[in-house]
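Before any comments, here is the structure.
What follows is calculated from the coordinates using simple rules that are stated; it is not laboratory data. All values reported here derive from a predicted model rather than from experimental measurement. Here the Cβ is made from the backbone with ideal geometry for all residues, glycine too, and neighbour counts use every protein chain on show.
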Amino acid sequence: MTKRDRMSGNQAVATAIRQINPDVIAAFPITPSTDIPQFVSSYKAEGLIDTEFIAVESEHSAMSACIGASAAGVRAMTATSSAGMALMYEMLYVAASDRLPIVMAAVNRALTGPININADHSDSMGARDSGWIQLYCENAQEAYDNMLMAMRIAEHPDVKLPAMVCQDGFITSHGIENILIEEDDEVKSFIGEYNAEKYLLNPEESLGVGPYSISPYVIEMKRAQHQGMVNAKKVILEVSAEFRKNFGREYSFFEEYRMEDAELGILLMSSAAGTAKDAVDVLRELGLKVGLVKLRSFRPFPADELAEALGKLKALAIMDRSDGFSATAGPLNAEVRGALYGRADTKVTGYIYGLGGRDMRESDFEEIYAELKALSEGEKLPYCRYIGVRE
């Protein structure tokens with residue numbers, strides 16, 4: 001039976017980990033993800049899980065330990081943020097290329113410098129091409145739900161890729177919310193047992209993991225890895241449909257909010273979507289046809305589906321909580337424009353927002369919709385610009 005509880009995003013993620021009861025957790029504390037391994041270590045001490053908890057000396061070692069555990073044939077998980085994820089970057093590529101279904105709780109925090117401990121997406125965006133599945137969460141409920149689904153998605157035999165579940169540092173990770181938690185037995189049934197197809201500790205088979213690969217083989221390995229990400233699109237929908245059947249909450253690649261007849265739309269990810277929805281409701285009351293698309297799956301990137309959803313708009317704002325320093329726009333902006341190119345006549349502009357935890361207010365979104373209206377009527381706007389910055 002589903003029960004309602006109050007908890008932070010980090011506690012919700014830790015609760016999901018407790019219910020999954022992975023074989024190995026390897027973690028090194030870094031703000032604002034530190035709560036997660038702390039909760040898990042408490043569960044271990046209280047006998048609520050039989051997970052092997054490995055306290056390592058760095059995040060690089062945490063991912064290395066997860067790689068070793070997963071290669072040995074067991075479930076492995078970790079959590080990190082910001083510079084901790086950056087220290088893992090080398091090993092993120094190793095985990096993905098070795099096709100190891102590790103699941104990571106990624107609590108988004110700005111990368112140094114300047115030193116900052118608050119939310120933006122520069123850490124996970126820096127890892128966007130590492131081969132990891134990336135799911136983004138608006139709130140604690142989504143963080144909990146996506147952790148459960150990520151394990152199923154990553155372990156699917158047609159995928160076999162690691163996955164990170166991203167939530168905004170402090171805004172979501174430390175904010176207390178009312179959320180729905182499922183019964184342990186029902187979660188266990190949904191997750192199922194993990195039986196690795198090939199693993200190092202199998203005495204019946206010789207196996208090498210992470211070998212040196214010479215030129216005649218690398219591109220074939222990458223092509224196979226690419227296919228796993230392609231396959232993940234179908235698997236995400238299948239797992240989400242099963243999750244809805246079991247627990248009643250619905251997910252897809254993205255959420256469309258009041259988009260049924262929208263002419264002006266915003267696309268963004270994670271916690272700022274809540275404030276943006278409030279702005280949409282206010283403007284709808286004034287008779288404006290505005291809507292919102294909140295992207296859940298950044299990897300795999302649902303280009304065809306986004307083009308269909310966004311192509312009917314007169315004007316679109318793409319919002320990045322990180323800067324790509326490409327002298328044009330952030331990474332989400334570039335990928336969405338690529339998806340729309342040649343498929344839609346929608347007028348597009350971009351914004352970079354919320355770096356280092358800067359709040360987005362309802363009035364900021366109302367300003368963006370006003371600019372979109374002007375764009376739809378023929379006014380020229382910059383390709384991309386910062387919003388809320390003191391110039």
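Structure values in brief
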| quantity | calculated |
| --- | --- |
| Förster radius 41 Å - calculated FRET efficiency between Asp129 and Leu381, Cβ distance, rounded to 0.05 | 0.90 |
| Folded to 0 to 90 degrees: helix 362-376 orientation relative to the chain principal axis, Cα | 60 degrees |
| Base-10 log of normalised Debye intensity for segment 3-247 (one unit scatterer per alpha-carbon) at q = 0.08, 0.09, 0.15 Å⁻¹ | -0.27, -0.35, -1.01 |
| Radius of gyration, Dmax [segment 210-276; alpha carbons; angstrom] | 18.7, 54 |
| Antiparallel %, DSSP beta bridges [both residues in the chain], to 5 | 25 percent |
| Part-to-part distance (alpha-carbon centres) for segment 221-264 and segment 79-124, which is given in Å | 23 Å |
| Chain lengthening between Lys312 and Tyr341 when straightened (0.36 nm per residue, less Cα-Cα) | 9.1 nm |
| Asp261 paired with Glu186, simple spin-label distance in nm, labels 7 Å along Cα-to-beta-carbon | 3.7 nm |
| Rg(Cα)/(2.2 N^0.38 Å) for segment 254-386, N = residue count | 0.95 |
| Crossing angle, helix 215-247 versus the chain [Cα axis fit, 0-90 degrees, rounded to tens] | 80 degrees |
| Gap separating the Cα centres of segment 3-74 and segment 135-185, nearest whole Å | 13 Å |
| Relative packing of 117-126, 219-228, which averages over residues the other C-beta atoms within 10 Å, highest first | 117-126, 219-228 |
| Using θ = phi - 60° and Karplus 6.51 cos²θ - 1.76 cosθ + 1.60, couplings along segment 156-166 (whole Hz; Gly, Pro as x) | 4, x, 8, 10, 6, 9, x, 9, 10, 10, 9 |
| Partner lysines for Lys234 [C-alpha distance under 27 Å; skip if fewer than 8 residues away on the same chain] | Lys160, Lys188, Lys198, Lys222, Lys245, Lys294, Lys312 |
| Approximate shape of segment 1-115 as ellipsoid semi-axes (Cα gyration tensor, √5λ), whole Å, largest first | 22, 19, 12 |
| Built amide H within the under 5 Å cut-off of Asn108, gap 5+ | Gln167, Asp168, Gly169 |
| Helix axis angle, 331-340 relative to the chain longest principal axis, alpha carbon, degrees | 70 degrees |
| Within-12-Å neighbourhood charge of Met1 [Cβ basis; K, R +1; D, E -1] | -3 |
| Ranked by how many other beta carbons lie within 10 Å on average, peptides 306-317, 26-37 from highest | 26-37, 306-317 |
| Segments 361-368, 174-181, 155-162 sorted - mean Cβ within 10 Å per residue, highest first | 155-162, 361-368, 174-181 |
| Förster-model FRET efficiency, 25 Å R0, Ala55 and Asn21, C-beta, rounded to 0.05 | 0.85 |
| Highest-MSF residue in the chain out of Ser252, Ser270, Ser240 [GNM, Cα springs under 10 Å] | Ser252 |
| Under the Karplus curve 6.51 cos²θ - 1.76 cosθ + 1.60, θ = phi - 60°, whole-Hz ³J(HN,Hα) for segment 188-203, x wherever Gly or Pro sits | 4, 5, 5, 5, x, 7, 9, 10, 4, 6, 9, 7, 5, 8, 7, x |
| ³J(HN,Hα) computed for each position of segment 298-312 - Karplus, 6.51 cos²θ - 1.76 cosθ + 1.60, integer Hz, glycine/proline x | 8, 9, x, 8, x, 4, 5, 5, 5, 4, 5, 6, 8, x, 8 |
